[in-house]
Structure formats: C-alpha cells, structure tokens
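The structure appears below as structure tokens.
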Amino acid sequence: MLLALFMVLLFSFSVYAEGQDHEDQPLLVHHLKKATMVAEDVPALLDAEKVPFTTIGSVNWPAYPYKPEVQFRIAHADSLLFIHYRVSERCVAALATDGGEVFKDACCELFIMPADDGIYYNFETNCIGSLLLEAGTGKGNLRRSAPTDVYAKIRRWASLGTKPFSLRQEPTTWELTLIIPVSAFFRHRLSSLSGRTMRANFYKCGNGLCQRHYLSWKPIRTPKPNFHQPAYFGTLVFE
C-alpha cells in the first residue's frame with residue numbers, strides 16, 4: 001500500500017514538473033540579418049528569415065472560456081523589436097485611438113520587463129494599430145503614460161486598416177505588426193537588444209466584444225483576470 005502511494009505521488013510530481021518546465025521554457029528571439037522600417041513589410045521579412053509563430057492559448061479563468069485563434073512571432077535587429085500577430089475570432093471592434101482603452105477592442109498585448117528593477121511596459125494594440133503604452137512597477141497609479149513623441153516612433157501596420165469601427169459580429173481574421181525602437185522603453189536607456197534576457201508575457205483580450213476573453217502566452221494563476229502579473233511572465237532570450 002505504501003509503495004503504491006509512493007508511486008502515485010512520484011508520478012504526480014513528475015507530471016507537475018514537466019508542466020512547469022514547459023511553462024518556463026524560454027523563447028529565443030531571432031536576430032534578423034537585415035531590417036525594415038516599413039511595418040507592412042514585417043510579415044514577409046519574418047517569413048524570409050523563417051521566424052516561427054508561437055500560440056497565445058492559455059485560458060486562465062473559467063468564467064471566460066472563449067478561445068480565439070491567436071499567434072505571435074517576435075524578432076529583433078539590435079535597436080529594433082519586430083512583432084507580428086495573427087488572429088481569427090468571432091467578432092471585432094476598434095473604437096479606441098492612441099492612448100485610449102484599446103483593451104476593450106480586439107486587442108493584442110505585450111507586457112515586457114527589460115531590466116531587473118521591476119518596471120515593465122504594456123504595449124497594448126487594437127486591430128487597427130491604435131496603441132496604449134505605459135510603464136511602471138504595477139497596475140493603476142503605479143504606471144506612467146508614454147510621451148506623445150514615443151507613440152510616433154512605433155511603426156504599425158494593421159490588415160483591417162486604421163479607421164475606427166464599431167462592433168462587427170462576424171468571423172474575422174486579422175494581422176498586426178509593430179516595429180518598436182529601443183527608445184520606446186522610455187524609462188530605461190537601451191542601446192541594443194542583442195544578448196539580453198527579458199521577462200515578458202503576450203496577451204489577447206476584448207473586454208467590449210461580444211465574447212469577452214483573456215488569453216495569455218504563459219499561464220496566470222490568479223482568481224480574477226489581471227494581466228499585470230510580472231510573477232507569471234515568461235523569458236525572452238535575445239540572440
């Protein structure tokens with residue numbers, strides 16, 4: 001009996017450990033041989049460099065079970081960070097403009113901590129490229145909004161165009177790209193991304209859509225939806 005109990009516990013621990021290893025597996029950020037400053041060219045550039053997609057697929061809260069199909073890929077060229085999102089979902093909306101509540105629209109997000117000082121950035125972008133960018137050590141009044149000139153430095157392309165629109169209750173596939181210069185990390189002084197290791201998580205949400213949802217790349221273990229959880233960030237390793 002004791003031997004059987006020991007074997008069950010050992011098996012359970014090994015399964016748990018395997019799950020943890022999978023959750024903590026770092027993502028290698030490919031260094032591009034050449035770069036572009038045209039956001040619309042990013043998908044073709046990443047295709048040429050064979051940069052793979054990664055799924056944003058963790059449904060963390062049972063009250064919000066809807067799971068759209070969401071993938072991202074990420075690469076860099078020293079002083080530039082390239083992100084490409086690909087999404088298929090049942091309904092979309094894009095009402096917010098820069099600095100607005102983009103998280104209520106069809107929205108993809110990157111939360112990233114470039115140093116060990118606890119300050120992380122939220123790059124939240126809706127399906128027409130409208131951006132919300134803040135930095136701080138926590139949620140709410142702990143965050144500082146990016147200056148207007150920083151928004152202007154981040155190049156964006158959206159397959160649905162740039163004109164705001166209200167709720168469309170129809171299946172929609174869309175893509176989004178961002179070219180983020182290191183100067184966009186406005187509370188830090190970065191010259192290059194090469195050789196760095198950063199903590200981050202990627203999200204997909206739509207607080208105001210017909211099917212509210214909160215997906216993440218790395219799982220979040222909290223009772224209620226909250227993306228401001230650096231304790232659950234994964235690891236990005238920049239070539």
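The figures follow:
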quantity	calculated
As computed over the range 113-239, the Cα convex hull volume per residue (Å³)	136 Å³
Candidates 201, 226, 60, ranked by Gaussian network fluctuation over the chain, Cα under 10 Å, top entry	226
Spatially proximal aspartates and glutamates relative to residue 67 (Cα-Cα < 20 Å; intrachain offsets below 8 disregarded)	23, 89, 105, 109, 124, 170, 175
Size descriptor, Kirkwood hydrodynamic radius, that averages inverse alpha-carbon separations across the chain, Å	18.6 Å
Listed pairs 104/224; 104/163; 163/224 exceeding 23 Å between Cα atoms	163/224
Cα-centre dipole for the chain with unit charges at Cβ (Lys and Arg positive, Asp and Glu negative), debye to 20	380 debye
On Cα atoms only, tilt of 2-24 relative to the major axis of the chain in degrees	10 degrees
Cysteines without a disulfide-compatible partner [the chain; Cβ-Cβ under 4.7 Å]	107, 108, 127, 205
The chain, helix-only ellipticity at 222 nm - DSSP H runs n ≥ 4, -39,500 (n - 2.57), divided by all residues, nearest 500	-4500 deg cm²/dmol
Carbon + sulfur, % of accessible area of the chain - ligands and nucleic acids excluded, 1.4 Å	55 percent
Part-to-part distance (alpha-carbon centres) for the range 122-184 and the range 40-61, which is given in Å	17 Å
Average Cα contact separation per residue, the range 136-190, under 8 Å, 6 or more apart, as relative contact order %	38 percent
5 Å binning of all Cα-Cα separations within the range 30-152, expressed as whole percents from 0 upward	2, 9, 16, 20, 22, 18, 10, 3, 0
Kirkwood Rh, angstrom, the range 90-169 [1 / mean 1/r, Cα pairs]	13.3 Å
Average accessible area per residue (Å²) across the range 154-239 - probe 1.4 Å, nucleic acids and ligands excluded	46 Å²
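The values are calculated or read from the model by the stated rules, or taken from the named source; none is laboratory data. Remember, predicted model here, so these are calculated numbers, not experimental data. Reconstructed Cβ throughout: ideal geometry from the backbone, glycine too, with neighbour counts over all protein chains shown. For the accessible areas, the whole protein counts, side chains as well, though only heavy atoms, and no ligand, DNA or RNA atoms are used. Shrake-Rupley method; radii C 1.70, N 1.55, O 1.52, S 1.80 Å.
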